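The values are calculated or read from the model by the stated rules, or taken from the named source; none is laboratory data. The shown structure was predicted, so the numbers you read here are calculated from the model rather than taken from an experiment. Glycine also receives a Cβ, built like all others from the backbone with ideal geometry; neighbour counts cover every protein chain displayed.
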Amino acid sequence: MADVPAEPGPLTLETWLARRLESAPPELAEAVWPLVRERLADGEDGLVQAALAALENATEGEATRAEAVTLLAADAILTYALEAAADPALGGSAARASRLAERAGPGGLIGERFNNDSTKEEMTE
């Protein structure tokens, strides 16, 4: 199993995520930890950045099982970022999650990273 954090102590994003990943398929949990480990200190925004980096990596490679797992991990990380932003146990709220979704969505970070590439592809088709 990946390097999963210990449980004792106050609830942190890391321990919150560890609890969520307990019920995830092991292959997915093992894919998530290396992607998020260095970004947890940046909170939900760090998770969004980790998800975008994983999505970028998965879409640049060949269509392999490993790329599919990375793509699933990217989706899971983005979902966890929004859940964490909404969780009152982490100081979150629906409004906070909504603001994160706006910053991350098609009009935000995802749009900035991927719309330029898709526009280029559409123009050449």
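Below are the figures for this structure:
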quantity	calculated
Residue match in the range 39-49 (condition: of a type in the set (Lys, Arg), surrounded by 13 or more Cβ atoms within 10 Å (Cβ to Cβ) and in contact with an Asp or Glu (Cβ under 8 Å, 6 or more places away or on another chain))	no
Residue identified as without any contact (Cβ under 8 Å) to a residue 12 or more places away in the chain and within 10 Å of the chain's Cα centre (by Cα) among Thr79, Thr64	Thr79
Scope the range 20-38; condition surrounded by fewer than 12 Cβ atoms within 10 Å (Cβ to Cβ) and under 16 Å from Leu78 (Cα atoms); matching residues	Glu38
Candidates Ala58, Ala54, Ala81 - the one that is crowded, with 19+ Cβ neighbours inside 10 Å and closer than 16 Å to Gly108 by Cβ	Ala81
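Residues checked against (1) modelled with pLDDT of 95 or more; (2) hydrophobic (A, V, I, L, M, F, W, C):
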{"site": "Leu55", "(1), (2)": "no, yes"}
{"site": "Ala58", "(1), (2)": "no, yes"}
{"site": "Ala66", "(1), (2)": "no, yes"}
{"site": "Ala84", "(1), (2)": "yes, yes"}
{"site": "Pro106", "(1), (2)": "no, no"}
{"site": "Glu112", "(1), (2)": "no, no"}
